[in-house]
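All remarks here apply to the structure that follows.
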Amino acid sequence: MLSSSLSSGPSRLSLLLYAVAAALLGVASVWMPLTVVDLFRGAVHGAVLFVTLWLFCGWLPRRLSLPGQILAAMLLGVLVGLLFPALGGAVFVREYLGIFGRLFILLLTFVILPLIFVSVLTGTAGIGDPAKLGSVGAKSLIYYCCTTALAVIVGLSLVNIIRPGAGREALIQRSAPVERRLAPGENEAAEPQEEPLSIGMRLQEKILPAIIRNPVMAGENPLVVILLALVLGAALATLGPAGEPALRVFQSLDKAFITIILWVMRLAPIGVFALMTCAVSDLGLVYMVTLAKYFCTVMLGLSLHFCLLCLVICPLLGGVSPRRFLRHMIPVFQVAFSTSSSSATLPVSIECVSKRVGADRDITHFMLPVGATINMDGTALYLTVAAVFISQVYGMDLGFQQQFMIFLTAILSSVGTAGIPGASIGLMGIVLASAGIPVEGIAIVIGVDRLLDMSRTVVNVTGDCVGVLVVSRSEGKMSA
């Protein structure tokens, strides 16, 4: 229903709602209007907001796919972010356009912790009774754990060596509200008076967070939630038929939470546009340089791990030459990169690995569906680099304990990553919270997430496919 309504274009009711919302926020941006100039500014602000809503909620969805909309939103965000400060509209961008970005982030993190719980639980239960897994199941789990840990180590090493966010604390300081300066002769010991928030900032900082917050598991340690999901999932698998009714409930909840995430991702274009506009407006081209350095760091990490999988693990443990593997896996890479979905790539992966490369059919049909749920090398690497990068931008010096928490949380949370585009953004909040990094830092990196999403999906499916070859060879079931 939602997708059809978005794709069919804006109705008259939608246009009326856009106009009402834009008019209210336009008036609020100059409240109280005292002069004709103020009224004119409010009208201009309202027109900008109306065009934004119409463009991203009505016009673009009819003409571009969701990835295309997000890329267009990134480019428009950069242009508008550079233009508006020159026209004296930086405050309007931060306080009123920023509402859309704040709303998107809040909705994205709304159900993430419950989603992680049910996804990890169903993924663990889907492996089967630990006592009955046999050698194939045990080898699969060992491979998944080792390659994911290797990916996180690669990410941690690179981000600590390159330090793309180091020395960028000024970005946060420049985007933070400016403290009121003391008047001449005012006592510094006196308690400063807080300036009243504008209506836009009140919406962003008070009203929306109070309404859109997770009532389930709020404030819980993510690792505790993941551990409970692992234990409960293994227990349900052990129960066999007696645990199936409860497992079906959790599987339905998993699908429901994923549906909510897909609904929220429909708002990604306007959310990315608002966040990019605010970041560029507040921080200028310095932000773009820092974001480019972060992007290159993640891409370097993904490339290194991809090379380790294809050029080292595949020939040494899988017994398949890199040339042969890469030649037969081209269709898998194409689908993974274009869809950004491990689940959508699954049929092509099964076809290529079992029939083209020669892995055992039964092992392929067991490992690839499980791997698409619990083995996410690229996602784990991405979350690690993003978390440490954000901490560097905030000027936080992470010690061994905090980086170990990132290491552990990135591995465990990747187990519950839904195989859909954009699912990793919500997980980032859990990884950040585990190390005490402000969750609001997601806004710093979301601008290039779509480009990285396509690349890390390729690494995810490559890790799954190489794992099938490794286990098939160890079982003596590889065909020539």
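The values are calculated or read from the model by the stated rules, or taken from the named source; none is laboratory data. Given the structure is predicted, the values throughout are model-derived calculations rather than measurements. A quick note on method: Cβ atoms are made from the backbone with ideal geometry, for glycine too, and the neighbour counts reach across all protein chains shown.
Against the numbered list (1) without any contact (Cβ under 8 Å) to a residue 40 or more places away in the chain; (2) within 23 Å of the chain's Cα centre (by Cα), MET276 comes up short only at (1). Annotation note: of VAL332, VAL348, VAL353, the sole residue that is over 22 Å from CYS145 (Cα atoms), hydrophobic (A, V, I, L, M, F, W, C) and touching a Cys at 6+ places or on another chain (Cβ under 6 Å) is VAL332. Quick check, is PHE404 over 21 Å from ASP449 (Cβ atoms) and modelled with pLDDT of 85 or more? It is true that PHE404 is over 21 Å from ASP449 (Cβ atoms) and modelled with pLDDT of 85 or more. When the range 436-480 is limited to residues that are part of a loop (DSSP other than H, G, I, E, B) and touching a Phe, Trp or Tyr at 6+ places or on another chain (Cβ under 9 Å), the one that is nearest to GLN402 (Cα to Cα) turns out to be ILE437.
When each of GLY101, GLY68 is tested for being among the small types (Gly, Ala, Ser), under 22 Å from SER424 (Cα atoms) and touching a residue at least 60 places away in the same chain (Cβ under 8 Å), the lone residue that passes is GLY101.
Output the residue which, of all residues in the range 271-297 that are among the aliphatic types (A, V, I, L, M) and out of contact with any Gly (no Cβ under 8 Å at 6 or more places or on another chain), is nearest to THR457 (Cα to Cα).
First pass over the range 271-297, keeping only residues among the aliphatic types (A, V, I, L, M): 272, 274-276, 279-280, 283, 285-286, 288-289, 291-292.
Now restrict to residues that are out of contact with any Gly (no Cβ under 8 Å at 6 or more places or on another chain): 283, 285-286, 288-289, 292.
Values: LEU283: 30, LEU285: 29, VAL286: 29, MET288: 24, VAL289: 25, ALA292: 20 Å.
Out of the qualifying residues, it is ALA292.
Considering the range 215-301, the qualifying helices (runs of 4 or more DSSP H), each wholly inside and each with 1 or more residues that are among the basic types (Lys, Arg), run over 244-265. Of the residues making up the range 30-73, those that are among the hydroxyl-bearing types (Ser, Thr, Tyr) and over 21 Å from GLY98 (Cα atoms) number 2.
Exactly one residue out of LEU79, LEU106, LEU55 is modelled with pLDDT of 90 or more and within 17 Å of LEU267 (Cβ to Cβ): that is LEU55. Scan the range 107-124 residue by residue and report those that are touching a Leu at 6+ places or on another chain (Cβ under 8 Å), aliphatic (A, V, I, L, M) and surrounded by 23 or more Cβ atoms within 10 Å (Cβ to Cβ). Matches in the range 107-124: ILE112, ILE116, VAL118, VAL120, LEU121. Restricted to the range 350-371, and to residues there that are surrounded by fewer than 23 Cβ atoms within 10 Å (Cβ to Cβ) and under 25 Å from ALA410 (Cα atoms), the residue that is modelled with the lowest pLDDT is VAL370. Taken over the range 17-75, the residue count meeting the criterion of being out of contact with any helix residue (DSSP H, G or I) (no Cβ under 6 Å at 6 or more places or on another chain) and not in a helix (DSSP H, G or I) is 7. Considering only residues in the range 321-349 that are in contact with a Leu (Cβ under 9 Å, 6 or more places away or on another chain) and surrounded by 22 or more Cβ atoms within 10 Å (Cβ to Cβ), the one that is nearest to VAL461 (Cα to Cα) turns out to be SER349. Tallying residues that are out of contact with any Gly (no Cβ under 8 Å at 6 or more places or on another chain) and surrounded by fewer than 23 Cβ atoms within 10 Å (Cβ to Cβ) within the range 372-395 yields 1.
Answer yes if at least one residue in the range 234-253 is assigned by TED's automatic domain parsing to the domain that holds ALA125, within 21 Å of the chain's Cα centre (by Cα) and either closer than 30 Å to TYR394 by Cβ or free of Cβ contacts under 8 Å to residues at least 60 places away in the same chain (or both), and no otherwise. Within the range 234-253, not a single residue is assigned by TED's automatic domain parsing to the domain that holds ALA125, within 21 Å of the chain's Cα centre (by Cα) and either closer than 30 Å to TYR394 by Cβ or free of Cβ contacts under 8 Å to residues at least 60 places away in the same chain (or both).
Checked against the criterion of being farther than 30 Å from PRO241 by Cα, in a helix (DSSP H, G or I) and more than 21 Å from the chain's Cα centre (by Cα), the range 111-130 has no qualifying residue.
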